[in-house]
Amino acid sequence: MTREITYLEALREALQQEMRRDERVILLGEDIGVYGGAFGVTLGLLQEFGEERVIDTPISELCIAGAAIGAAMVGLRPVGEIMFMDFITLASEQLVNQAAKIHFMFGGETSVPLVIRTPAGSGTGAAAQHSQSLENWFVHTPGIKVVAPTTPYDAKGLLIAAIRDPNPVLFVEHKLLYKTKGQVPEELYEIPLGTAEIKRPGKDLTIIATTIMVKRSIEVAEILAAEGIDVEVIDPRTLKPLDKDTLIQSVIKTGKVLIVHEACKTGGYGGELAGVIAESEAFDYLEAPIVRLAGRDIPIPYNRNLEAHTVPQVEDIIEAARSLAKGRV
Amino acid sequence: MPEKMDKRLKLQMLEMMTSIRAFEEKAEELYTLGKIHGTMHLSIGMEASAVGSVFSLHPEDLILSTHRGHGHCIAKGADLKLMMAELLGKECGYCHGRGGSMHIADIKGGNLGANGVVAGGIPIAVGVGLGLKKEKRDRIVMCFFGDGAANEGAFHEALNMAAIYRLPVVFVCENNQYAMSLPFYKGFAIEKISDRAAAYGMPGVTVDGNDLLDVYATVGQAVELARSGGGPSLVETLTYRWRGHSKSDANRYRTRDEIEAWKKKCPINRFSSHLLNTGIPQAEIDDVCAAASSAIDEAVAYAEACPEPDLEQIERGVYA
């Protein structure tokens with residue numbers, strides 16, 4: 001049975017159902033109890049599972065990550081929440097030097113099955129320290145998996161898969177997606193990590209987008225369809241490990257690729273996607289240079305217009321896709 | 001308590017300290033010969049802190065160790081052969097040659113790992129404590145760190161969190177007087193690191209870390225408190241490392257006289273004298289030391305015979 005729920009409700013349902021199924025799953029984070037988390041994802045879970053499994057922590061991000069690691073090493077399945085992705089900087093030592101290394105560095109003798117959930121992205125007027133998209137720092141860290149769902153269906157299935165995965169998983173949520181709706185099955189299901197999805201099939205141009213940009217790119221595809229441009233939209237869903245084959249096959253089919261993400265362009269995930277395509281057999285099928293559309297290389301500004309002007313909007317994607325489809329960049 | 005301790009336990013503790021000393025002296029020799037590469041952090045002179053602390057645990061308890069962790073690992077019961085093989089970077093070492101001296105871990109033996117980041121293990125202890133509290137088997141975790149680590153933010157976050165959840169954790173701060181080159185008095189405006197425990201609402205006590213029986217008794221009280229549900233404690237063991245911080249250290253920040261003065265407070269000699277004074281014959285003490293020494297030679301022979309890791313397997317274990 002499926003029904004329409006929001007992305008936020010899908011995340012909560014994944015946590016709730018997995019906690020009912022598996023006693024080892026615990027939650028750790030700031031204000032996740034009575035308050036329900038800064039965005040409300042964990043609302044009501046304290047009442048159902050109690051303080052032993054829904055642990056309100058002090059404002060100590062480093063120790064949230066560290067506590068998740070230690071708990072994972074003795075058999076629990078912790079899910080930590082970092083209130084804003086910007087604050088993951090405070091937890092980075094534990095995630096980068098500890099969680100990502102322990103399995104390898106100790107010769108595979110122990111593992112760290114944990115999830116860190118965190119909301120990323122701009123568009124809320126929260127300015128430079130509450131709006132960043134820092135996922136690529138962790139893509140660049142062997143030992144961590146990075147997941148970034150776009151739809152409610154993906155949010156639920158990927159979160160369940162992330163909790164069951166034996167590795168540390170960074171689970172990136174986008175604030176502007178929390179209230180978006182979609183069909184979601186009532187039962188538990190997993191979407192395997194490392195599987196991309198073609199969100200809209202097309203033959204003229206491939207757009208590879210992540211998180212909120214997938215949603216915008218689908219809108220763009222519908223608009224351009226009216227102009228006779230048939231756009232294929234692909235969501236990698238898992239940034240690491242990346243399902244390279246789905247991307248490559250699409251580019252072989254369309255011969256043109258536009259990469260869209262919110263994080264700033266320099267050093268962003270788009271560079272990795274472009275590299276994967278350029279190194280692959282799809283290179284020989286490219287009819288135009290690979291195009292990257294990404295956030296400007298600036299901190300997120302406060303002013304509403306400046307903020308919107310910092311990251312790709314629907315109009316920006318239309319313009320880039322149209323130019324590319326017409327063969328000119 | 002010390003007077004009631006049986007002779008066998010005392011001799012085991014002496015053997016353990018001697019074994020740690022012999023292991024590290026041998027490791028240093030192998031480093032000098034170029035058989036061990038990278039670096040290492042020796043705890044020579046600090047053996048009573050490791051042995052006194054770990055001997056107050058049950059075998060099923062857990063520890064988290066530091067970059068200066070050979071002593072903790074050996075005291076927890078590690079196999080010297082697998083340790084030496086790891087220092088030599090061999091496939092049959094504890095971490096299959098992926099960790100080395102700085103990341104020695106003996107997971108099955110309850111050592112959840114040394115740590116290359118100062119204070120890196122302290123937040124992890126909080127999570128281990130959460131897990132152990134939930135399993136309700138009365139196990140505890142002992143978390144070692146040095147004086148330098150007490151000035152990291154991780155120390156503050158972790159001790160606070162361990163205290164508010166009353167976790168079964170014993171924090172053992174081995175104050176060996178120097179955070180690399182920074183002397184204690186330049187890194188702290190307080191007299192004792194254990195005074196900080198009060199700020200977190202847990203007991204804090206400082207002991208002579210070169211007095212094995214004092215460490216054993218004091219840490220033992222903290223262990224019992226943790227095991228009985230009384231929450232965490234902070235124990236500071238005052239000690240001294242005879243060697244440099246690592247192999248790159250030229251000892252520019254301290255005097256030869258200071259080092260020699262601390263060598264006179266050698267924890268092994270001190271405990272041996274105590275044993276002699278309590279009527280244990282010199283011959284028995286000598287036998288224990290000889291046994292420890294021959295075990296090291298066997299470990300080296302084993303390690304040298306082990307194969308190198310297979311280059312084809314270089315990417316093994318990045319993900320579980």
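Laboratory data are not the source of any read-out in this text; all were calculated from the coordinates shown. Given the structure is predicted, the values throughout are model-derived calculations rather than measurements. Counting neighbours? That spans all protein chains shown, and the Cβs are built from the backbone with ideal geometry, glycine included.
For the protein assembly as shown, a crude dipole built from +1 on the beta carbon of Lys and Arg and -1 on the beta carbon of Asp and Glu, taken about the Cα centre, is about 540 debye to the nearest 20. Can you tell which of A:78, A:107, A:90 lies farthest toward the positive end of the dipole of region A:43-132, using +1 and -1 charges on the Cβ of basic and acidic side chains (Lys, Arg; Asp, Glu)? It is A:107. Each residue of chain B gets 135 Å³ once the volume of the Cα convex hull is shared out per residue.
Could you check what % of the DSSP bridge pairs in the protein assembly as shown are antiparallel, to the nearest 5?
20
For chain A, the relative contact order comes to 16 percent (Cα pairs under 8 Å, sequence separation of at least 6).
Each 10 Å bin from zero holds the following percent of Cα-Cα pairs in region A:231-324: 16, 46, 30, 8, 1. Given +1 at the Cβ of Lys and Arg, -1 at the Cβ of Asp and Glu and no other charges, the dipole of region B:2-304 around its Cα centre is 540 debye to the nearest 20.
Pairs of Cα atoms in region B:172-279 fall into 10 Å distance bins, from 0 up to the last occupied one, in shares of 13, 36, 32, 17, 2 percent. Ranking A:323, A:310, A:299 by how far each Cα lies toward the positive end of the dipole of region A:197-323 (charges on Cβ) leaves A:299 at the top.
Can you list, largest first and rounded to whole Å, the semi-axes you get for region A:68-115 by taking the square root of 5 times each eigenvalue of its Cα gyration tensor?
For region A:68-115, the semi-axes come out at 20, 13, 6 Å.
With a cut-off of 14 Å between beta carbons, the residues surrounding residue B:139 carry a summed charge of +1, where Lys and Arg count +1 and Asp and Glu -1. Residues whose amide H lies under 5 Å from that of residue A:77, counting only those 5 or more places away or on a different chain, are A:25, A:26; hydrogens are built 1.01 Å from N in the peptide plane. Extents of region A:129-269, largest first, come to 44, 39, 33 Å (Cα atoms, principal axes, whole angstrom).
Kirkwood hydrodynamic radius computed over region B:1-153 comes to 16.0 Å, based on all pairs of distinct alpha carbons. Got a sec? How would B:40, B:84 order by Cβ neighbour count within 10 Å, fewest to most? With the fewest neighbours first, B:40, B:84 line up as B:40, B:84.
Relative to the longest principal axis of the Cα atoms of chain A, the long axis of helix A:314-325 makes an angle of roughly 50 degrees. Computed over region B:69-138, the convex hull of the alpha-carbon atoms projects to a mean area of 4.9 nm².
Counting beta carbons within 10 Å around each of B:155, A:39 and listing the fewest first gives the order A:39, B:155. Each stretch of four or more DSSP H residues adds -39500 (n - 2.57); spread over every residue of chain A, this sum gives -10500 deg cm²/dmol at 222 nm. Given +1 at the Cβ of Lys and Arg, -1 at the Cβ of Asp and Glu and no other charges, the dipole of region A:209-317 around its Cα centre is 380 debye to the nearest 20.
Mean silhouette area of region B:104-257, derived from the convex hull of its C-alpha atoms and averaged over all directions, reads 9.6 nm².
Normalised by the empirical 2.2 N^0.38 Å for globular proteins, what value does the Cα Rg of region A:1-56 take?
Values: Rg = 11.1 Å, N = 56, 2.2 N^0.38 = 10.2 Å.
Here the Cα radius of gyration is 1.09 times the empirical estimate.
The sum of -39500 (n - 2.57) across all DSSP H runs of n ≥ 4, divided by the residue count of chain B, sets its helix-only mean residue ellipticity at 222 nm to -13500 deg cm²/dmol.
Using a cut-off of 26 Å between Cα atoms, the listed pairs B:192/B:265; A:101/B:186; B:192/B:263 include A:101/B:186 as exceeding that distance. Exposure proxy shown here: for A:211, A:110, B:255, the number of other Cβ atoms within 10 Å sets the order, fewest to most, as B:255, A:110, A:211.
Comparing Cα centroids, region A:173-249 and region B:131-174 end up 44 angstrom apart. Taking amide H as placed 1.01 Å from N in the peptide plane, residue B:231 has no amide H partner under 5 Å among residues 5 or more places away or on another chain. Centre-to-centre, using Cα atoms only, region A:98-143 and region B:1-51 are separated by 38 Å.
Average 1/r across all pairs of distinct alpha carbons in chain A, invert it, and you get the Kirkwood radius: 20.1 Å.
For the protein assembly as shown, the Kirkwood estimate of the hydrodynamic radius, built from every pair of different alpha carbons, is 26.7 Å.
I'd like the FRET efficiency for residue A:304 and residue A:22, computed as 1/(1 + (r/R0)^6) with the beta carbon distance as r and R0 of 51 Å, rounded to 0.05.
Between residue A:304 and residue A:22 the formula returns 0.75.
Placing unit charges on each Cβ (+1 for Lys and Arg, -1 for Asp and Glu) gives the protein assembly as shown a dipole about its Cα centre, and among A:185, A:7, A:43 the Cα reaching farthest toward its positive end belongs to A:43. Restricted to Cα atoms, region A:2-185 shows a radius of gyration and a Dmax of 15.2, 46 angstrom.
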